[in-house]
Amino acid sequence: MRERIQQLKESYKSELDQAKRAQDYEDLKVKYLGRKGPIQALMQCLRDVSADERPEMGKIINELKQTISQEIETRLNALIAQERNEKISSETIDISLPGRRQNPGRIHPLSLMMDEILTVLTEMGFSVQLTPEIESEYYNYGGLNYPPDHPARDMQDTFYLTPDLLLRSHNTNMQQRAMEHHKPPIRICSHGKCYRNETITSRSHVLFHQVDVLYIDKNVTFADLLATKKTFYEKLLGREVEIRVRPSYFPFVEPGMEVDIRCTSCEGKGCRLCKETGWLEVCGAGMVHPEVLKEGGIDPEEYSGFAWGGGVERLFMLRHGVTDIRLFTDNDMRFLSQFA
């Protein structure tokens, strides 16, 4: 037994001196200290040693086991430290090189446009009201005079979360909330994201931003709506604009209309942005429907009002000649950095 232990020590020392890599030390550890290694074999052979020598032999084997483990661990740690130091030395930083340029963050073009729109509206006397993006069916449709079978309520137009909760499809959902909490005169606007289950094209998207305006007071007329709209677009675009209106249907206004602006990209000659018509649709508008006023607790015989809602992307495209609405969500820095 003593001769076997001595031979094992000499064999281990020879292989330890030849080890040069981390993997060599790992292999030695497995070879000598593993379950099928020579140390384990010596432990099993103790049963053949006489009872008088067995404690001493067991002690010698355990000391050898600890020595092998400690020496391998020490050599391995020293090698790892050496390799780390060599790597650090080879990766010295040349402080004479110019630093990497850090590009500062920028506000998204749509956020800039939204701020401009709200600035114009607040200067015109409108206050800003926020509404939830997850909305009830009542505030999004029911309280705005949408009939139960209106196509907009269907799944192909609206993202429903539950039978009564949905992602708002317009910011007009602020109207009933405003009438519940304020008495006329009411002069407010609401802005934010809207969601509609539509086909994504160069002119439409499932996610878009909208600004809605509501004004309720005594003796509000259709002429007030037209004058307010024209003033708003001229202030926003910084130039005189030509608008036209077309009859249209929206459940929450009567009469309703679509508002178009002569295309500022082609000056009305026709281009891709305006579909060769010379006009670009910017919003829907109209006089607040009497049923909507009644639902909000306001007497339509005493008060009247107007409302309009338009897409922020559409206004941005009109001002800058952008022809594809998808550019706003593609996160292409070449496009976004132009409007910083």
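Values quoted throughout were computed directly from the atomic coordinates according to the rules given, and no laboratory measurement underlies them. Everything numeric here is computed off the predicted structure, so don't read it as measured data. Cβ coordinates were reconstructed from backbone atoms using ideal geometry, including for glycine residues, and neighbour counts include every protein chain displayed.
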Among Asn219, Gly125, His150, whose Cα lies farthest out toward the positive end of the dipole of segment 109-339, if unit charges sit on the beta carbon of Lys, Arg (+1) and Asp, Glu (-1)? Gly125
What would the Debye equation give as log₁₀ I(q)/I(0) for the chain at q = 0.10, 0.15 Å⁻¹, counting only Cα atoms as equal point scatterers? -0.67, -1.24
Between 0 and 90°, nearest 10: helix 22-33 axis offset from the chain longest Cα axis: 60 degrees
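What ranking do 1-11, 87-97, 65-75 get when scored by the average of other Cβ atoms within 10 Å per residue, highest first? Don't skip to the answer; put the middle values down first.
Working: 1-11: 12.8, 87-97: 6.9, 65-75: 14.6.
By packing density, highest mean first, the sequence is 65-75, 1-11, 87-97.
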Along the three principal axes, how long is segment 151-201 when you take its alpha carbons, biggest first, rounded to the nearest angstrom? 39, 27, 17
Taking 8 Å as the Cα distance limit and 6 or more residues as the minimum spacing, I'd like the relative contact order of the chain as a percentage. 14 percent
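Kindly rank 240-253, 300-313 from highest to lowest mean number of other beta carbons found within 10 Å of each residue. If you can, show how the numbers build up before the last one.
Details: 240-253: 15.6, 300-313: 20.5.
Sorting 240-253, 300-313 by mean packing, highest first, produces 300-313, 240-253.
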Cα-Cα pairs above 24 Å in segment 61-163: how many percent? 71 percent
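Summing Lys, Arg as +1 and Asp, Glu as -1, what charge do residues with Cβ under 14 Å from the Cβ of Gly286 carry, Gly286 excluded? Intermediate values should be presented prior to the final figure.
Details: positive: Lys229, Arg246; negative: Asp212, Asp224, Glu254, Glu258, Glu291.
Net charge around Gly286: -3.
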Across segment 109-339, how many lysine pairs separated by 8 or more positions, or lying on different chains, have Cα atoms within less than 29 Å? 23
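In units of 2.2 N^0.38 Å, what is the alpha-carbon radius of gyration of segment 160-261?
Values: Rg = 15.7 Å, N = 102, 2.2 N^0.38 = 12.8 Å.
So segment 160-261 has a normalised radius of gyration of 1.23.
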Which Cα, out of Gln70, Tyr195, Thr228, lies furthest along the positive dipole direction of the chain (beta carbon charges, K/R +1, D/E -1)? Gln70
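Per 0.36 nm of contour for each residue apart, how much would the distance between Glu86 and Asp115 grow if the chain were fully extended, relative to their Cα-Cα spacing?
On the way: separation 29, 0.36 × 29 = 10.44 nm, distance 5.52 nm.
Taking 0.36 nm per residue and subtracting the Cα distance, the gain is 4.9 nm.
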How many angstrom lie between the C-alpha centres of segment 5-80 and segment 162-188? 80 Å
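Average the reciprocal distances over every distinct pair of alpha-carbons in segment 263-337, invert the result, and give the Kirkwood radius in Å.
Values: mean 1/r = 0.0664 Å⁻¹.
That comes to 15.1 Å for segment 263-337.
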Can you tally the lysine pairs in segment 2-90 where the Cα-Cα distance is under 30 Å and the two residues are eight or more apart, or on different chains? 25
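Taking only Cα atoms of segment 2-90, what ratio of Rg to Rh do you get with Rh as the Kirkwood inverse-distance radius? Numbers along the way, then the final one.
On the way: Rg = 15.9 Å, Rh = 14.4 Å.
Radius of gyration relative to Kirkwood radius: 1.11.
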